[in-house]
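Step one of this worksheet: look at the structure below.
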Amino acid sequence: SVFGPQQISALFTGLPGLCGQGQTFFWTDPIVLYDQFANRWIISQIAGDSTFSTGNECIAVSESSDATGKYHRYVFKFGKNVLNDYDKLSVWPDAYYANYNLFGPKSFIADDACAYDRAAMLTGAAAKAVCFKNPNEFSFLPSNADGATPPPSGEPAFFVDLSTSTSLHLYRFHVDFGNTAKSTFKGPFTIPVKAYTMACAGGTCIPQPGTTQKLDSLGDRLMFRLAYRNFTDHESLVVSHSVMTSKAASGERWYEIRDPNGTPKVYQQGTFTNGGNSLWMGGIDMDKEGDMALGYSESNASTLHPSLAFTGRVPTDPLNTMESPATIFIAKGSAIGANRWGDYSSMVIDPSDDCTFWYINQYIPKTAKNNFLTFHTRVASLKFPTCQ
């Protein structure tokens, strides 16, 4: 440990609006990303009011590659009685892109795809935000550029979400901060996929030992992150979500999508299972050789508390397949009293070698009520011998 522990909200102390109010209101959905093209850290978090009806997005960009150093800090507001829920952030050459599920006091308003002025935020200058609202979509993921080769110059960012039981939707976001009226959000481009059924119909049914309390599958959305990689001869997006299986409440459906700026199509896909265990809360990424790592939570009703595991594949494996599952950590506790099991896990590639994967997820060390107060975090790293 080189810093802390410290509340993330302390980073924004003194800013105007809800972001500068410390722990007066509620904070949720923190994200930490690394901008490898500028060697900077990006930290975001939602600050909401005491009635859960209005939210601000708080974003900090490090002034150097030192994560413990100083940060440029920003507050973005979404209007009165609008909560910017379930934020998802990404790094792209022309902007930091994000998505929110906007809620009013009584109901869902729209999906909100936003672009933040990356060039300005790297210097600490005043930064614009350009957003497009779409009431017909839910829980977009914005593309996050991995690898040493950036996207082709001028290429739009991609936003993908679940559409029907046999398709995904893809949109292309081009932002122009010089003349924001020229910004565009084009789509949907429909990507056919193998038929699936949302895990738990999108809701709660994940079993765990020692309790009748079931956990939320979040099966109604794609899971963080939508990882992009430019292999020069092709471009790939990888992403996953939780689906029903014949033997368990859920398994991990994963996709590799190619040609996102041309005719986007699924190059390969599969549903990964492990016997009668339920798999959910996935995160997937690729290294520079095209190896994939897929991490997830895993549980069953009798012998396995919600734990952490992963699988993966190398390019020489048969298409549409993953290799055998491997355990990261066996937990000893189940959650009682609340059905939420976090919001997302995270599989990311280390830019220092473009081979090492880092996976972050959570567990409960012993069965306890109020799981929001008893979560522990587990960090794991893994690497394929084929990546040198």
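The values are calculated or read from the model by the stated rules, or taken from the named source; none is laboratory data. Because the structure is predicted, anything quoted here is derived from the model rather than measured. For neighbour counting, all protein chains shown are included, and Cβ atoms are generated from backbone atoms with ideal geometry for every residue, glycine included. The protein model used for the area step is the full one, side chains on, heavy atoms only, and it has no ligands, DNA or RNA in it. Shrake-Rupley method; radii C 1.70, N 1.55, O 1.52, S 1.80 Å.
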In the stretch 249-300 the accessible area split gives carbon plus sulfur, as whole percent at 1.4 Å, a share of 37
Distance in Å, no decimals, from the C-alpha centre of the stretch 154-217 to the one of the stretch 316-344 is 20
Amide H contacts under 5 Å for G270, restricted to residues at least 5 apart in sequence or on another chain and with H modeled in the peptide plane, are W254
Answer in debye to the nearest 20: the dipole magnitude of the chain about its Cα centre, from +1 Lys/Arg and -1 Asp/Glu charges placed on Cβ, is 940
In the chain, taking the dipole from +1 charges on Lys and Arg beta carbons and -1 charges on Asp and Glu beta carbons about the Cα centre, the listed residue (C19, A113, F357) farthest towards the positive end is C19
For the stretch 1-78, the percent of accessible surface on carbon and sulfur atoms (probe 1.4 angstrom, ligands and nucleic acids excluded) is 52
Sorting S9, M347, Q213 by the position of each Cα along the dipole of the chain (Lys, Arg +1; Asp, Glu -1; all at Cβ), the one nearest the positive end of that ordering is Q213
About its Cα centre, the stretch 191-336 carries a charge dipole, from +1 on Lys and Arg Cβ atoms and -1 on Asp and Glu Cβ atoms, whose size in debye to the nearest 20 is 420
So L319 and K182, fully extended at 0.36 nm per residue minus their Cα-Cα distance, gain in nm 45.3 nm
In whole Hz, the Karplus estimates of ³J(HN,Hα) for the stretch 196-203 (6.51, -1.76, 1.60; θ = phi - 60°; x where Gly or Pro) are 9, 10, 3, 4, 6, 6, x, x
Magnitude of the Cβ-charge dipole (Lys and Arg +1, Asp and Glu -1) of the stretch 250-388 about the Cα centre, nearest 20 debye, reported as 700
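Quote the relative contact order of the stretch 138-275 in percent (integer), defining contacts as alpha-carbon pairs under 8 Å separated by 6+ residues.
21
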Computed curve, the stretch 131-267, Cα-only Debye sum without solvent term, log₁₀ I(q)/I(0) at 0.10, 0.15, 0.16, 0.18 Å⁻¹, is -0.39, -0.77, -0.85, -1.01
Here the FRET efficiency for H234 versus A119, based on Cβ atoms and R0 = 22 Å and rounded to 0.05, is 0.20
Karplus-derived 3J(HN,Hα) from phi for the stretch 117-125 (6.51 cos²θ - 1.76 cosθ + 1.60, θ = phi - 60°), whole Hz, x at Gly and Pro, runs 5, 4, 4, 5, 5, 5, 9, x, 6
Taking a probe of 1.4 Å and leaving out DNA, RNA and ligands, the chain shows per residue an accessible area in Å² of 41
Heavy-atom accessible area of the stretch 93-245 with neighbours in place, 1.4 angstrom probe: carbon+sulfur share in percent works out to 54
Rounded to the nearest 500, the 222 nm mean residue ellipticity computed for the chain from DSSP H runs (n ≥ 4, each -39500 (n - 2.57)) alone is -500 deg cm²/dmol
The ³J(HN,Hα) series, computed from each phi in the stretch 75-83 with the Karplus coefficients 6.51, -1.76 and 1.60 at θ = phi - 60°, rounded to the nearest Hz and given as x for glycine or proline, is 10, 10, 10, 10, x, 6, 6, 10, 9
